[in-house]
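The values are calculated or read from the model by the stated rules, or taken from the named source; none is laboratory data. Fair warning: this is a prediction, and the values are worked out from it, not measured in the lab. Here the Cβ positions follow ideal geometry from the backbone for every residue, glycine too, while neighbour counts run over all protein chains shown. Calculation scope for accessible area: heavy atoms of the full protein, side chains included, ligands and nucleic acids excluded. Shrake-Rupley method; radii C 1.70, N 1.55, O 1.52, S 1.80 Å.
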Amino acid sequence: MMSQSSQRATVPDTLRSPRAKLVYLYLSTHGDATVAELQESLAMTKLTLYSILRTLQGEGLVGRDADSDRYSLV
């Protein structure tokens, strides 16, 4: 039985790509991350991750801290 304090991460309905959903869920559960951290944890290429992150940024779901090069949900 789940406790009432348990939270489930939800994915926006606008996300259709399974990989984009995975990146979104990773960031929602782990906080911010660099592309290298995402690559290691999700076993995706940097090229794929940059494309996904660009899409998520375009949809206003993810932001990037230019100083630390970390991505996080907005």
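Before moving on, here are some points about what is shown:
- Hey, Asp13 open to solvent by 90 Å² or more (accessible area, probe 1.4 Å), of a type outside the set (Ser, Thr, Tyr) and modelled with pLDDT under 95 or not: yes
- Some residue of the stretch 51-66 being assigned to a loop (DSSP other than H, G, I, E, B), of a type in the set (Ser, Thr, Tyr) and more than 16 Å from Val11 (Cβ to Cβ): no
- Any hit, the stretch 47-67, residues being acidic (Asp, Glu) and exposed (fewer than 12 other Cβ atoms within 10 Å of the Cβ): yes
- The residue pairs whose first member lies in the stretch 51-72 and is charged (D, E, K, R), whose second member is at pLDDT 95 or above, and whose beta carbons are closer than 7 Å, counting only pairs six or more residues apart or on different chains, are Arg64/Gln57; Arg64/Tyr71; Asp69/Thr34; Arg70/Asp32; Arg70/Ala33; Arg70/Thr34.
- Count of the stretch 16-36 residues which are open to solvent by less than 70 Å² (accessible area, probe 1.4 Å) and either modelled with pLDDT under 95 or closer than 14 Å to Arg70 by Cβ (or both): 8
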